[in-house]
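Colleague: Quick one: this structure, given as structure tokens, is what I'll be asking you about.
The values are calculated or read from the model by the stated rules, or taken from the named source; none is laboratory data. Given the structure is predicted, the values throughout are model-derived calculations rather than measurements. Here the Cβ is made from the backbone with ideal geometry for all residues, glycine too, and neighbour counts use every protein chain on show. For accessibility, only protein heavy atoms count, side chains too; no ligands or nucleic acids. Shrake-Rupley method; radii C 1.70, N 1.55, O 1.52, S 1.80 Å.
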Amino acid sequence: MTKIVYVATDGSRTEVEARDGDSVMRTALANDVEGIVGECGGSMMCATCHVIVDEAWAEKVGPRSDGEEDLLDGAATEPRPTSRLSCQITVRPELDGLVVHLPEAQM
Amino acid sequence: MLGQLDFAPLDEAITIDALTLDPYPIYKRLRAEAPVLRVKSVGRTLLTKAADTKHVKDNPALFSSNDPKTPMQPAFRAHTLMRKDGPEHVSERMAMNASFMPKAIKEHWGPLYERLAEDYIGRLPRGETVDIFKALCGPIAARILAHILGIPEATDEEMQRWSQTLMDGAGNFGWRPEPFARTDVANDEMDRHFDAMVERHRAERGPSAFAIMLNAERPIPMSQIYSNIKIAIGGGINEPRDALATIIFGLLTETEQFEEVKRQGAWSAAFEEGVRWVAPIQASSRLVTEDTEIRGYRIPKGDTVMTIQASANHDEELFEHPERYDVFRAKNPHQAFGSGPHHCAGAHIARRTVGQIILPLLFERFPNMTLPDPDVVQWRGFGFRGPINLPVRLA
Ligand code: FES
């Protein structure tokens, strides 16, 4: 089990135990974390799973995948340098303790 | 192992007419008794549970959209992205996606759409009873789409006629010649109209879908640019039109909620609940590429399954009193926009135009609108559904 921390815009933190292999988007949905919609189910079509990876974790999480850039660019909340689509981040042991921040809006 | 499983039961009683008039009681029974059912009149295996419709949409390798042999091909005179999968689908969709994203709506379209909405709503006669479905829902949906696609000179009438003609052709599973004769005429008209816009879009490089596709670094072929615009015309008018009419009906028949929505400005929630309650696109088809199973039934390769998102949105496992329009339900994980790679490309536009611009403006101008006789409102549609008339009193 790998711990993921979602930080809402008001600063409130939700810690959940994630299953390795799941995406950070699916983990949020499975744990009723508000602020992530993931409407396209992880197909990189909707940009409603935007998260801003905490600076401290940016390197470990890694760069955006092919095609992610374009979607993030048009997202409801202006992307920041560490913005990612959470459906494209796979939970794995070295991400234990990962902190991601939720954007103001997904839609 | 699959060999030991039974095929899904076969129904020979449900008719397309019954599904067109009032499908919801039928789906309620199917969810309880036969959530995987081969329906003879439809010629497909109907899936009515939310978990199953989502499973199918999220697994495009097993449940494919790729089917060049549907009436869509002659109707659009093209194998369109709606009926493709994989990288081809992604590249054609992404070619126009930027104009449909929240950023483009905020930066480019928002102010224009507010003006258009003010204009169209401003023309409605106060104190009279009008069929708002005809007077507003269709025309404004057509106007908004014409701009975003980059064909603003197409009239509301043309846009609506092209759209309906394309949809009738795409749904012509009886392969009768007349609907294709009509789509031929519409295709010629659209092609001429698009031809006349090309130079202007190359010069102006605006934010419309047409301009973005033309001016891309590595543009997709012109034939695909045209078929993309046609797909958006065919699939981009009746959904926002029907969603708007459905939401107006919902609010005017649930007067307590209507008051609360106005008080809170809860228009986005009113929108989400409207598309859950009566999903404008009720059903979609997918071709099965490998033998598989759903709920213990054998689903053979080559079968066509039909996901009924109308029913998924009423699944008792996810929604309390699903048959009721209830803006303030705690959670609303509806599938009105689908899921997976074919997730509705117009979802962001619909949410912002209908939910954040048109509804608030409409009810700011007519806060005391009423529906004098809800019983005269007729609902129609199996694949696509909404009211076909909506006589409201504007006050
Ligand atoms: S879930 Fe749709 S882009 Fe991530």
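Colleague: Could you grab me the full set of residues in region A:63-96 that are away from the ligand (no atom under 13 Å from the Cβ), away from chain B (no Cβ under 14 Å) and open to solvent by less than 20 Å² (accessible area, probe 1.4 Å)?
Modeller: Of everything in region A:63-96, those that are away from the ligand (no atom under 13 Å from the Cβ), away from chain B (no Cβ under 14 Å) and open to solvent by less than 20 Å² (accessible area, probe 1.4 Å) turn out to be A:VAL91, A:LEU95.
Colleague: Kindly indicate which of B:ARG351, B:ARG385 is closer than 23 Å to B:ILE308 by Cβ, open to solvent by less than 20 Å² (accessible area, probe 1.4 Å) and within 14 Å of chain A (Cβ to nearest Cβ).
Modeller: So the residue among B:ARG351, B:ARG385 that is closer than 23 Å to B:ILE308 by Cβ, open to solvent by less than 20 Å² (accessible area, probe 1.4 Å) and within 14 Å of chain A (Cβ to nearest Cβ) is B:ARG351.
Colleague: Output the number of the condition that A:ASP54 fails; it satisfies all remaining conditions of (1) without any contact (Cβ under 8 Å) to a residue 40 or more places away in the chain; (2) within 12 Å of the chain's Cα centre (by Cα).
Modeller: The failed condition is (1).
Colleague: Scan region B:36-68 residue by residue and report those that are within 14 Å of chain A (Cβ to nearest Cβ), closer than 23 Å to B:PRO87 by Cα and open to solvent by 50 Å² or more (accessible area, probe 1.4 Å).
Modeller: Passing the criteria: B:LYS54, B:HIS55, B:ASN59, B:ALA61.
Colleague: If you don't mind, there's one more thing I want to ask. Out of the residues in region B:313-343 that are in contact with a Gly (Cβ under 7 Å, 6 or more places away or on another chain) and within 15 Å of the ligand (Cβ to nearest atom), state the one that is nearest to B:GLN257 (Cα to Cα).
Modeller: Looking at the filtered set, the residue picked out is B:SER339.
Colleague: Also: Tally time: how many residues in region A:80-107 are assigned to a loop (DSSP other than H, G, I, E, B) and modelled with pLDDT of 95 or more?
Modeller: 13
Colleague: State the number of residues belonging to region B:354-382 that are buried (at least 19 other Cβ atoms within 10 Å of the Cβ) and charged (D, E, K, R).
Modeller: 0
Colleague: Still on this structure, please answer the following. Out of everything in region A:43-62 that is assigned to a loop (DSSP other than H, G, I, E, B) and either surrounded by fewer than 20 Cβ atoms within 10 Å (Cβ to Cβ) or more than 8 Å from the ligand (Cβ to nearest atom) (or both), what residue ends up being farthest from the other protein chains (Cβ to nearest Cβ)?
Modeller: Of everything passing the filter in region A:43-62, A:ASP54 is farthest from the other protein chains (Cβ to nearest Cβ).
Colleague: While we're here: Within region B:320-348, can you find the residues that are modelled with pLDDT under 95 and more than 9 Å from chain A (Cβ to nearest Cβ)?
Modeller: Matches in region B:320-348: B:ALA330 only.
Colleague: If you check A:SER23 against the conditions, is it touching a helix residue (DSSP H, G or I) at 6+ places or on another chain (Cβ under 7 Å), surrounded by fewer than 16 Cβ atoms within 10 Å (Cβ to Cβ) and within 14 Å of another protein chain (Cβ to nearest Cβ)?
Modeller: Values: touching a helix residue (DSSP H, G or I) at 6+ places or on another chain (Cβ under 7 Å): yes; surrounded by fewer than 16 Cβ atoms within 10 Å (Cβ to Cβ): no; within 14 Å of another protein chain (Cβ to nearest Cβ): yes.
For A:SER23, the condition - touching a helix residue (DSSP H, G or I) at 6+ places or on another chain (Cβ under 7 Å), surrounded by fewer than 16 Cβ atoms within 10 Å (Cβ to Cβ) and within 14 Å of another protein chain (Cβ to nearest Cβ) - is not met.
Colleague: State whether one or more residues within region B:75-82 are touching a Phe, Trp or Tyr at 6+ places or on another chain (Cβ under 8 Å) and within 17 Å of B:ALA170 (Cβ to Cβ).
Modeller: The answer is yes; a qualifying residue exists.
Colleague: Answer yes if at least one residue in region B:248-264 is of a type in the set (Ser, Thr, Tyr), farther than 25 Å from B:PRO374 by Cα and out of contact with any strand residue (DSSP E or B) (no Cβ under 7 Å at 6 or more places or on another chain), and no otherwise.
Modeller: no
Colleague: Moving on to the next point. Residue by residue through region A:28-42, note down the ones that are within 12 Å of the ligand (Cβ to nearest atom) and either over 13 Å from the mean Cα position of the chain (by Cα) or open to solvent by less than 20 Å² (accessible area, probe 1.4 Å) (or both).
Modeller: Within region A:28-42, A:ALA28, A:ILE36, A:GLY38, A:GLU39, A:CYS40, A:GLY41 qualify.
Colleague: Moving on to the next point. Six or more apart or on different chains, Cβ atoms under 6 Å: show the pairs whose first residue is in region A:34-45 and more than 22 Å from A:VAL7 (Cα to Cα) and whose second is of a type in the set (A, V, I, L, M, F, W, C) and within 6 Å of the ligand (Cβ to nearest atom).
Modeller: Note: pairs meeting the criteria are A:CYS40/A:CYS46.
Colleague: Just one of the numbered conditions (1) without any contact (Cβ under 8 Å) to a residue 40 or more places away in the chain; (2) assigned to a loop (DSSP other than H, G, I, E, B); (3) away from the ligand (no atom under 13 Å from the Cβ) is not true of A:GLU15; which one?
Modeller: Going through the list (1) without any contact (Cβ under 8 Å) to a residue 40 or more places away in the chain; (2) assigned to a loop (DSSP other than H, G, I, E, B); (3) away from the ligand (no atom under 13 Å from the Cβ), A:GLU15 breaks only (2).
Colleague: Of (1) at pLDDT 95 or above; (2) surrounded by fewer than 20 Cβ atoms within 10 Å (Cβ to Cβ); (3) more than 14 Å from the chain's Cα centre (by Cα), A:VAL16 satisfies all except one. Which?
Modeller: (3)
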